[in-house]
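Working notes, beginning with the structure itself.
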Amino acid sequence: MEAAADNLPGDPAVPQNSRPAGPTDPLRLIWAALWFHEAAYAEVRDSPSPFGRGLVVALLLAAISAVSGALGLGLDWLVSPDSQAARRAGLETMQASEWYRGLAQGPGGREFEQQAQAFYDLWWQVAPFITNLPSPAGLARYLCLTPAFSVLGWLFFGSLTFAAARLLGGRGGFGPTLGVLALAGAPQALDLFTVWPGLEIGALSGWWSLALAYWAVRSVHGLGWGRNLMAVLLARLVLSGLMLALLVVGLALAAANLGPLAAGG
Amino acid sequence: MNDTWRLALGALQLKDEAFREGGRGPAGLRQAALVVVFVALLAGLGTLVTGLVDAARGQSPEQARDEIMANLEQLETLPGFSGAVREALVLAVDSVLRVESLPTPLPRPLVLLIRSVGLWLGRPFALAGSWFAYSLMALVAARLLGGKASLPAMLGATALSNVPYALTLLSFIPFCGAALSAAAWAWSSIIFVKATAAANDMPIARAIAAWAAPAAALVVLWSLLLAAVLVALIVLALAAAGG
């Protein structure tokens, strides 16, 4: 594998076929990768089993997220009201509002009340899975779904990025690509901070991962910066397109269901 | 600690050495990131103190509602603020306040204290998020304009543009908040341009273009998105009227 001919002076090529003395364990590897240490990426890329090294890193990051989420949920419980009491209070407040009373007393009021109750109940069934509400479902989400999605996400994004990089002229193998892309998930370790109630990481983790993914692909495929960027963005664009399509379908279905209700029928 | 302070001061004085040091690979990036953390925590001290005072004096839900409603009355003067929007906001405020007034396992003042500290500790992540996002987009623009910076070099150099936001610590002084924010933004923009020029080894004029490009692109994107939403709403309204 050669460095790209159009690598710029400020973007020096990674030494090839070398295993620099550097981070040796996954935690140190994650820490080094977080700060764009080329040695960390080179070590995974050049190891006899880059996919295996990446898998260990991905599993460790998934475990950090899961444990942080579960602990955070426990501490959130200490500073949050009982969820059933919150559910009742929210419903009572809604039912006491002018807006609700106006619609409930109008034509089709009974149907409106039934629909409103159904939507409210549906929200409270879904909420524990998509919010930080302390609940057994939230705990299950952190301990099972978060690690599963984390590892599957790595495989999905890694495969798509590998395909995109090869299409764009990259020369790296599948194993090394997946291996170094596991390091790009290093900002997931910031989830440790979210144990503190009310502390939000926001978009930092996503942007940082994007930058590291660029750095990771560059270390394996030797593409010029433009193609390298396209390879990294393509996977995310595909996922965004899928999510947008789902959103449009969801909105269309919701509009189809809500249309008769809004029309008073 | 001394190095971090020196780096921050150097950035404020637009010294090339500071940007070179921030952009000298992983070690420089780590140090520059530390500057961002200190600045964000310093700038957030005012909000933290306000939160702690609120926790200590135990503000009642009624008082909180009155304060929010006073702010809502100001919003009502905005064009396009309809009765339906007001009703929805009042319902949301009432729901949140009602839930907030429910008992929690820990005593209320302690809960408020923990949440205030959490918000304060989250500020470095928010500031770092915007720094990362804008720097990455500016790097793409700089590269298109012939820049040569590597990712860590660009991030390390532009991190220092956050230093002026420490000024917002003084936002609690009456009538000074907006002026201080504007001054911090202007100073920060100048440092960002200087850092981009230094990291990319490019003239200032190109660095200004690289700094402005992400904002311009975002404005265009948002306008397109807004136009798409408006068109969709019009189509839906026409379809509903027709059906």
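The values are calculated or read from the model by the stated rules, or taken from the named source; none is laboratory data. Since we're looking at a predicted model, the values are computed, not measured. No Cβ is skipped: glycine too gets one built from the backbone with ideal geometry, and neighbour counts run over all protein chains shown.
Do we find a residue being closer than 30 Å to residue B:213 by Cα and touching a residue at least 24 places away in the same chain (Cβ under 8 Å) anywhere in segment B:64-86? Steps first, answer last, please.
The first filter runs over segment B:64-86 and keeps only residues closer than 30 Å to residue B:213 by Cα, leaving none.
No: segment B:64-86 contains no residue that is closer than 30 Å to residue B:213 by Cα and touching a residue at least 24 places away in the same chain (Cβ under 8 Å).
Can you tell me which residue within segment A:102-114, out of those that are in a loop (DSSP other than H, G, I, E, B) and surrounded by fewer than 12 Cβ atoms within 10 Å (Cβ to Cβ), is farthest from the other protein chains (Cβ to nearest Cβ)?
Going residue by residue through segment A:102-114, those that are in a loop (DSSP other than H, G, I, E, B) are A:106-108.
From what is left, the residues that are surrounded by fewer than 12 Cβ atoms within 10 Å (Cβ to Cβ) are A:106-107.
Details: A:106: 15, A:107: 18 Å.
Per the criteria, the residue is A:107.
Filtering segment B:193-243 down to residues that are within 11 Å of another protein chain (Cβ to nearest Cβ) and part of a loop (DSSP other than H, G, I, E, B), which residue is surrounded by the most Cβ atoms within 10 Å (Cβ to Cβ)?
B:202
Quick check on my filter: what residues within segment A:34-44 are under 18 Å from residue A:209 (Cβ atoms) and more than 14 Å from every other protein chain (Cβ to nearest Cβ)? Full working, then the answer.
Here is the first cut: in segment A:34-44, the residues under 18 Å from residue A:209 (Cβ atoms) are A:34-38, A:40-41, A:44.
Scanning segment A:34-44 gives a single hit, A:44.
Any residue in segment A:78-105 that's within 20 Å of residue B:86 (Cβ to Cβ): show its pairings with residues that are aromatic (Phe, Trp, Tyr) at Cβ separation under 7 Å, as long as the two are six or more apart or on different chains.
From segment A:78-105, the pairs are A:94/A:100; A:103/A:112; A:104/A:112.
Find all pairs meeting these conditions: Cβ atoms under 6 angstrom apart; at least six residues apart or on different chains; first residue within segment A:192-207 and on the phi > 0 side of the Ramachandran plot and more than 7 Å from chain B (Cβ to nearest Cβ); second residue surrounded by 19 or more Cβ atoms within 10 Å (Cβ to Cβ) and part of a loop (DSSP other than H, G, I, E, B).
none
Would you confirm whether any residue within segment A:70-84 is β-branched (Val, Ile, Thr), surrounded by 18 or more Cβ atoms within 10 Å (Cβ to Cβ) and more than 10 Å from chain B (Cβ to nearest Cβ)? Full working, then the answer.
Restricting attention to segment A:70-84, the residues satisfying the condition of being β-branched (Val, Ile, Thr) are A:79.
Keeping just the survivors that are surrounded by 18 or more Cβ atoms within 10 Å (Cβ to Cβ) gives A:79.
Next, only the ones that are more than 10 Å from chain B (Cβ to nearest Cβ) stay: none.
No, segment A:70-84 contains no residue that is β-branched (Val, Ile, Thr), surrounded by 18 or more Cβ atoms within 10 Å (Cβ to Cβ) and more than 10 Å from chain B (Cβ to nearest Cβ).
Being in a helix (DSSP H, G or I) and under 26 Å from residue A:208 (Cα atoms) is true for just one of A:77, A:31, A:123, A:99. Which residue is that?
Values: A:77 fails: under 26 Å from residue A:208 (Cα atoms); A:123 fails: under 26 Å from residue A:208 (Cα atoms); A:99 fails: under 26 Å from residue A:208 (Cα atoms).
Sole residue among the options that is in a helix (DSSP H, G or I) and under 26 Å from residue A:208 (Cα atoms): A:31.
Filter segment A:224-265 down to the residues that are β-branched (Val, Ile, Thr) and modelled with pLDDT under 90 and list them by number.
Initial filter on segment A:224-265 (β-branched (Val, Ile, Thr)): A:232, A:238, A:248-249.
Of everything in segment A:224-265, those that are β-branched (Val, Ile, Thr) and modelled with pLDDT under 90 turn out to be A:238, A:248, A:249.
Looking only at segment A:208-223, decide whether some residue is at pLDDT 95 or above, more than 12 Å from chain B (Cβ to nearest Cβ) and farther than 25 Å from residue B:138 by Cβ.
Yes, segment A:208-223 contains at least one residue that is at pLDDT 95 or above, more than 12 Å from chain B (Cβ to nearest Cβ) and farther than 25 Å from residue B:138 by Cβ.
So if I check each of A:140, A:182, which one is more than 14 Å from residue A:57 (Cα to Cα) and in a helix (DSSP H, G or I)? Write out each step before concluding.
Numbers: A:182 fails: more than 14 Å from residue A:57 (Cα to Cα).
Matching residue, one of A:140, A:182: A:140.
Name the one entry in A:131, A:161 that is on the phi < 0 side of the Ramachandran plot and buried (at least 19 other Cβ atoms within 10 Å of the Cβ). Step through it out loud before you land on a result.
Values: A:131 fails: buried (at least 19 other Cβ atoms within 10 Å of the Cβ).
Matching residue, one of A:131, A:161: A:161.
Looking for whichever is farther than 14 Å from residue A:45 by Cβ, touching a residue at least 40 places away in the same chain (Cβ under 8 Å) and away from every other protein chain (no Cβ under 12 Å) here; the options are A:172, A:185. Which one fits?
On the way: A:172 fails: farther than 14 Å from residue A:45 by Cβ.
The match here is A:185.
From the set of residues in segment B:11-41 that are free of Cβ contacts under 8 Å to residues at least 12 places away in the same chain and assigned to a helix (DSSP H, G or I), which is farthest from residue B:121 (Cα to Cα)?
Kept after step one, since they are free of Cβ contacts under 8 Å to residues at least 12 places away in the same chain, are these residues of segment B:11-41: B:13, B:15, B:17, B:27, B:30.
Okay, now just the ones that are also assigned to a helix (DSSP H, G or I), so B:17, B:27, B:30.
On the way: B:17: 30, B:27: 23, B:30: 18 Å.
Selected residue: B:17.
Mind listing just one residue for me: the one in segment B:87-104 that is within 7 Å of another protein chain (Cβ to nearest Cβ) and not hydrophobic (A, V, I, L, M, F, W, C) and, of those, surrounded by the fewest Cβ atoms within 10 Å (Cβ to Cβ)?
Let us first name the residues in segment B:87-104 that are within 7 Å of another protein chain (Cβ to nearest Cβ), namely B:87, B:91, B:94-95, B:98-99, B:102-104.
Narrowing further to those that are not hydrophobic (A, V, I, L, M, F, W, C): B:87, B:94-95, B:98, B:103-104.
Details: B:87: 15, B:94: 19, B:95: 18, B:98: 20, B:103: 10, B:104: 15.
If we take residues in segment B:87-104 being within 7 Å of another protein chain (Cβ to nearest Cβ) and not hydrophobic (A, V, I, L, M, F, W, C), then B:103 is surrounded by the fewest Cβ atoms within 10 Å (Cβ to Cβ).
Would you confirm whether or not segment A:170-191 contains a residue that is loosely packed, with under 15 Cβ neighbours inside 10 Å and modelled with pLDDT under 95?
The answer is yes; a qualifying residue exists.
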